[in-house]
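**Student:** Here it is, the structure in full.
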Amino acid sequence: MLELSARAKSISPSPTLSIDTKTKALKASGVDVVNLSVGEPDFPTPDRAALAGVAAITSQFTKYTDVSGILELRQAIADKLNAENGLSYAPSEIIVSSGAKHSLYNIFMVILNPGDEVLLPAPYWVSYPEQIRLAGGVVVAMPTNESTHFKITPAQLEAAITDKTKAILINSPSNPTGAVYTQNELQALAKVIEQHDLFVVSDEIYEQLIYGVEHYSIAKFSETLKERTFLVNGFSKTYAMTGWRVGYVAGPAPYIKAMSSFQSHTTANPASISQKAALGALGTFDARHREEFQARRDYVLDQLRTLNGVTCAKPDGAFYVFPNIKGVLGKRFKKGNGDTVALQSVDQFCEELLTEVHVSTVPGTGFGAPDNFRISYATSQAQLEKAMGRMKDFFGRIE
Ligand code: PMP
Ligand code: GLU
């Protein structure tokens, strides 16, 4: 067999998506699995979005569009950023892509040269390091943990900057920790960033999913900072539209133009139908979803805190909890068939949780956190109750 490229050989599949696929296959084979793995809202696509999508099909809005997305959608996104985030962008400063994952990849491809360093607060979402490496960049992880509420400090940032640093990634609210930086915290980081020549990639895709705190975009700090910031957002989380694949970036026109040229040779425009659906979705966020997520978060946290060896920080946003299981690693677990095994790693812990009690979660390894695992609570209360009952049974069998 002819060899694959070194690039292809270096990529591993997205753990969040591959665990979801494995879970769905197990379900299809008849196993009653509770799926707490993938981060996907269980709510339906808003009616207005769905109807706009249908209208796009029946009216034959099914041809190539502007590479960066239709002007109407970019204008509507600019209006949203103005009204909700207090940020002024022209449509020429916005590019729509096939999901925020695609938007992020476009950014790394247009800003990174081989060897450029990207500062990445850890734990991080699984696709950031892979995308940075694919674009030739070098990941410089900045570790955080429960004691710092999973947030980096200005001093930590200052110490991590070298003459090779090209960008810093900020993801608030965070996947997987749920941490949300306050306005003061972001302003303190912004002051450090302004003293250096750095891009900021600000992934704000969970901005609406916050519980009792405020979302602040670092791009608001100053015009100087806004001119170096790529603000990333999308429709997957706010509007429960994961399958439609629409994300966007707002940033300075010359960089957006470079992304558009890059996109013109790779995917070209995002699906025309999805763009119309996104236009229909804008402004329809249902605040009841936020309340529902908050109630689920509180329930899961209460339950987790009854389990021996588990500690869990309270997340202020997104729809994940990220428990620490250092207290059970190395201990023995009694399987259903009577055998006992040592729980050597969080990967093994998640594997046993899936095969023994049929609860699917994601080990922290891919997020740069080998003592934690991720639970997505974007599923019904009934499913969560079933899962937490099963986890209690599982923890009762740890010796
Ligand atoms: N950023 C973060 C932090 C995410 O969790 C996700 C999840 N899919 C994305 C970006 C990408 O979302 P999408 O491609 O579905 O817009
Ligand atoms: N971002 C979601 C997650 O972390 C969806 C899957 C993915 O794109 O990674 O589960």
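The values are calculated or read from the model by the stated rules, or taken from the named source; none is laboratory data. Just so it is clear, the model here is predicted, and its values are computed rather than measured. Heads up, the Cβs are rebuilt from the backbone with ideal geometry, glycines too, and the neighbour counts pull from every protein chain shown. Side chains included, ligands, DNA and RNA excluded: accessible areas come from the protein's heavy atoms. Shrake-Rupley method; radii C 1.70, N 1.55, O 1.52, S 1.80 Å.
**Student:** When only C-alpha pairs under 8 Å and at least 6 residues apart count, what is the relative contact order of the chain, in percent?
**Tutor:** Details: 765 pairs, mean separation 89.5, N = 399.
Here the relative contact order equals 22 percent.
**Student:** Can I get the semi-axes of the stretch 232-303's equivalent ellipsoid? Compute them from the C-alpha gyration tensor as square roots of 5 times the eigenvalues, in angstrom, largest first.
**Tutor:** Numbers: eigenvalues 204, 42, 25 Å².
Here the semi-axes work out to 32, 15, 11 Å.
**Student:** Lysines near residue 27 by alpha-carbon distance under 28 Å, same-chain residues fewer than 8 away left out - which ones?
**Tutor:** Within the straight-line cut-off, residue 27 pairs with 101, 237, 334, 335, 386, 392.
**Student:** Less than 13 Å Cβ to Cβ from residue 45, Lys/Arg counted +1 and Asp/Glu -1: what total charge do the surrounding residues give? Present the calculation step by step, with values, prior to reporting the outcome.
**Tutor:** Numbers: positive: 48, 237, 245, 276; negative: 40, 42, 47, 286.
Computed value for this residue: 0.
**Student:** Excluding residue 303 itself, calculate the net charge of residues whose Cβ lies under 9 Å from the Cβ of residue 303, where each Lys or Arg counts +1 and each Asp or Glu counts -1. Don't jump to the answer; show the numbers that get you there.
**Tutor:** Details: positive: 305, 392; negative: 302, 385.
In short, 0.
**Student:** Mind checking the full-extension length gain between residue 184 and residue 153? Use 0.36 nm per residue of separation minus the Cα-Cα distance, one decimal, nm.
**Tutor:** Details: separation 31, 0.36 × 31 = 11.16 nm, distance 1.14 nm.
That works out to 10.0 nm of additional length.
**Student:** Just read off the accessible area of residue 197 with the full protein assembly in place, 1.4 Å probe, to the nearest 10 Å².
**Tutor:** About 140 Å², ignoring ligands and nucleic acids.
**Student:** In a shell of Cβ-Cβ distance under 15 Å around residue 221, excluding residue 221 itself, what net charge do Lys and Arg (+1) and Asp and Glu (-1) give? If you can, show how the numbers build up before the last one.
**Tutor:** Working: positive: 191, 220, 226, 228; negative: 185, 194, 204, 214, 223, 227.
So the environment of residue 221 carries a net charge of -2.
**Student:** Next question, about the same structure. Among DSSP beta bridges lying fully in the chain, give the percent that are antiparallel, nearest 5. It would help to have the intermediate numbers written out before the result.
**Tutor:** Working: 19 of 39 bridges.
Restricted to the chain, the bridges split so that about 50 percent are antiparallel.
**Student:** At q = 0.14, 0.20, 0.24, 0.29 Å⁻¹, what log₁₀ I(q)/I(0) does the stretch 178-231 have when each alpha carbon counts as one equal point scatterer in the Debye sum?
**Tutor:** -0.35, -0.69, -0.94, -1.25
**Student:** With springs connecting C-alpha atoms under 10 Å apart, model the chain as a Gaussian network and identify which of 275, 208, 60 has the largest mean-square fluctuation.
**Tutor:** Among 275, 208, 60, the largest mean-square fluctuation in the Gaussian network model of the chain belongs to 60.
**Student:** Answer rounded, prolate or oblate for the stretch 1-156, using the Cα gyration tensor with square roots of eigenvalues a ≥ b ≥ c: rounded when a/c is under 1.5, else prolate when a/b is larger than b/c, else oblate. Show your work: numbers first, answer last.
**Tutor:** Values: a/c = 1.44, a/b = 1.15, b/c = 1.25.
Verdict is rounded for the stretch 1-156.
**Student:** Ranked from the most accessible area to the least, with a 1.4 Å probe and all protein chains present, what is the order of 47, 339, 163, 286? Before the final figure, lay out the partial values.
**Tutor:** On the way: 47 120, 339 85, 163 155, 286 40 Å².
So, going from the largest accessible area down, we get 163, 47, 339, 286.
**Student:** Given the convex hull of the Cα atoms of the stretch 120-219, what is a quarter of its surface area in nm²? Write down the numbers at each step before the final one.
**Tutor:** Numbers: hull surface 24.9 nm².
Averaged projected area of the stretch 120-219's Cα convex hull equals 6.2 nm².
**Student:** A further question follows. Averaged over every viewing direction, what's the projected area of the C-alpha convex hull for the chain? Give it in nm², one decimal, please. Each step should come with its number before you reach the end.
**Tutor:** Numbers: hull surface 84.4 nm².
Over every viewing direction, the Cα hull of the chain projects on average to 21.1 nm².
**Student:** I've got another one for you. Under a 1.4 Å probe, what is the accessible area of the stretch 271-328 per residue, stated in Å²? Don't skip to the end; give the middle numbers.
**Tutor:** Values: 2250 Å² over 58 residues.
With the other protein chains kept in place, the stretch 271-328 gives 39 Å² per residue.
**Student:** Find the relative contact order for the stretch 284-399 and round it to a whole percent, using C-alpha pairs within less than 8 Å whose residues are 6+ positions apart.
**Tutor:** It rounds to 26 percent for the stretch 284-399.
**Student:** Shape verdict for the stretch 82-163, please, from the Cα gyration tensor: rounded (a/c under 1.5), prolate (a/b greater than b/c) or oblate. Mind showing how you got there, number by number?
**Tutor:** Working: a/c = 1.84, a/b = 1.29, b/c = 1.42.
It is oblate, given that a/c is not under 1.5 and a/b is not larger than b/c.
**Student:** With runs of 4+ DSSP H residues as the only contributors, calculate the mean residue ellipticity of the chain at 222 nm using -39,500 (n - 2.57) per run, divided by the residue total and rounded to the nearest 500. Don't skip to the answer; put the middle values down first.
**Tutor:** On the way: 14 runs with 157 residues, N = 399.
It comes out at -12000 deg cm²/dmol, rounded to the nearest 500.
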